[in-house]
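Single-structure report; data block below.
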Amino acid sequence: MKKETIYSKDVAKKQLSVTREFDAPVELVWRAWTDPEIIDEWWAPKPWKANTIKMDFREGGTWLYYMQGPDESRHYCLAEYTSITPYKNYQGFDAFCDDKGNVNKEFPRTKWNVTFKSTETGTAVYVENTFEKIEDLEKIIEMGFKEGFAMAHENLDAYLKAKFQLRNQLSIGAPRVCTYLNFPGNTEEVMNFYKKVFKSEFSGKGIQRLGDVPQQEGQPPIADNVKKMILHVELPILGGHILMATDAPKEMGFTVTPGNNMHISLEPTTRAETKRLFESLSEGGIVEIPLQDMFFDAYYAGFQDKYGINWMLNCTSKD
């Protein structure tokens with residue numbers, strides 16, 4: 001079911017509140033709102049594009065960025081962070097400015113209070129926008145804030161969906177260890193090379209492309225060049241070992257660099273074993289996605305251990 005951005009106006013408090021749910025865990029949604037490489041992918045309503053000049057996400061830090069229109073026009077904005085509680089809340093002020101970050105006092109300045117809460121299906125984000133005057137609130141609405149912010153949320157929906165589908169894997173109902181590879185757009189070339197070297201054939205459902213993903217109502221279309229990229233492919237090599245691979249294109253907010261483009265993927269047959277492996281392997285490491293039930297029907301986690309090795313756990317059993 002398509003998610004909706006819900007608005008409510010409180011004249012007495014000079015406040016415009018926004019509520020939106022996303023089908024992803026808090027950790028990933030938080031990162032999408034605070035990582036400049038990701039936020040640039042969705043913050044602006046199409047056909048506009050957000051471009052970060054500098055982001056220093058910390059208390060007392062700032063985010064200087066501009067919205068670029070199809071005619072190459074630019075509107076600069078400055079966010080100043082006053083309070084940050086990781087994965088729960090951040091607060092600050094937002095204003096229009098020039099390219100150096102000097103605030104334009106002719107336009108309203110907004111106080112932002114953004115809260116992230118885990119739900120049964122993902123994450124709810126609550127935004128309270130407070131203004132000095134009710135006239136400022138009305139002016140922001142008149143400038144198209146409500147329509148633009150809702151469109152930006154649809155962009156984020158598309159990013160989050162792609163993120164999980166690129167990470168999702170096929171399971172054969174038996175424990176196995178696989179190597180999962182990420183490439184910036186040349187997965188088909190790489191896997192055909194390995195296919196020739198190992199004299200093997202693609203298993204499972206063969207080559208699945210991003211263009212095979214059903215387009216959801218209200219989401220922006222996938223670019224033609226991205227449609228041809230690989231969503232998932234798997235290849236048996238030696239001793240029953242499986243190479244899995246996917247394209248992680250920059251158009252969807254990914255940055256593939258040597259070191260983060262390979263994961264050891266484990267598929268335990270029980271949730272208890274999955275939990276044991278997660279707790280042991282992730283101790284002292286960096287958890288990107290905590291172990292949890294995901295909407296693609298898997299008990300899943302993604303993390304880096306204390307030695308810098310990337311792991312994925314994917315259990316489809318309910319036991």
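Overview of values
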| item | result |
| --- | --- |
| In Hz, Karplus ³J(HN,Hα) per residue of the range 93-108 (6.51, -1.76, 1.60; θ = phi - 60°; x = Gly, Pro) | 10, 10, 8, 6, 7, 9, 5, 9, x, 6, 5, 8, 6, 7, 10, x |
| Burial order of peptide ranges 74-80, 20-26 (average beta-carbon count within 10 Å, highest first) | 20-26, 74-80 |
| 20 °C / 1.002 mPa s Stokes-Einstein diffusion coefficient of the range 248-319, Kirkwood radius on C-alpha pairs, µm²/s | 167 |
| Ranking by accessible area, most exposed first, for 65, 194, 307 with a 1.4 Å probe | 307, 194, 65 |
| Sparse-neighbour loop sites [trypsin sites (Lys or Arg not before Pro); the range 249-319; at most 16 other C-beta within 10 Å; DSSP] | 306, 318 |
| Shape call, the range 45-155: gyration tensor on alpha carbons, a/c limit 1.5 | rounded |
| Expected-Rg normalisation [2.2 N^0.38 Å, Cα atoms] applied to the chain | 1.10 |
| With DNA, RNA and ligands ignored, accessible area of residue 119 (1.4 Å probe; Å², nearest 10) | 50 |
| Kyte-Doolittle at least -1.0, axis length at least 15 Å by Cα - qualifying DSSP helices, the chain | 145-167, 187-198, 271-282 |
| Heavy-atom accessible area order for 196, 146, largest first, 1.4 Å probe | 196, 146 |
| Global form of the range 1-88, assessed from the alpha-carbon gyration tensor, a/c cut-off 1.5 | rounded |
| Structure-based [θ]222 nm, the chain - -39500 (n - 2.57) summed over DSSP H runs of at least 4, per residue, nearest 500 | -7000 deg cm²/dmol |
| Flagged links, alpha-carbon separation over 26 Å, of 205/228; 46/133; 117/139; 161/250; 196/275 | 46/133; 117/139; 196/275 |
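The values are calculated or read from the model by the stated rules, or taken from the named source; none is laboratory data. None of the values given here were measured: they were computed from a predicted structure. Cβ atoms come from the backbone with ideal geometry, glycine included; neighbour counts cover every protein chain shown. Just the protein is used for accessible areas: all its heavy atoms, side chains included, with ligands, DNA and RNA removed. Shrake-Rupley method; radii C 1.70, N 1.55, O 1.52, S 1.80 Å.
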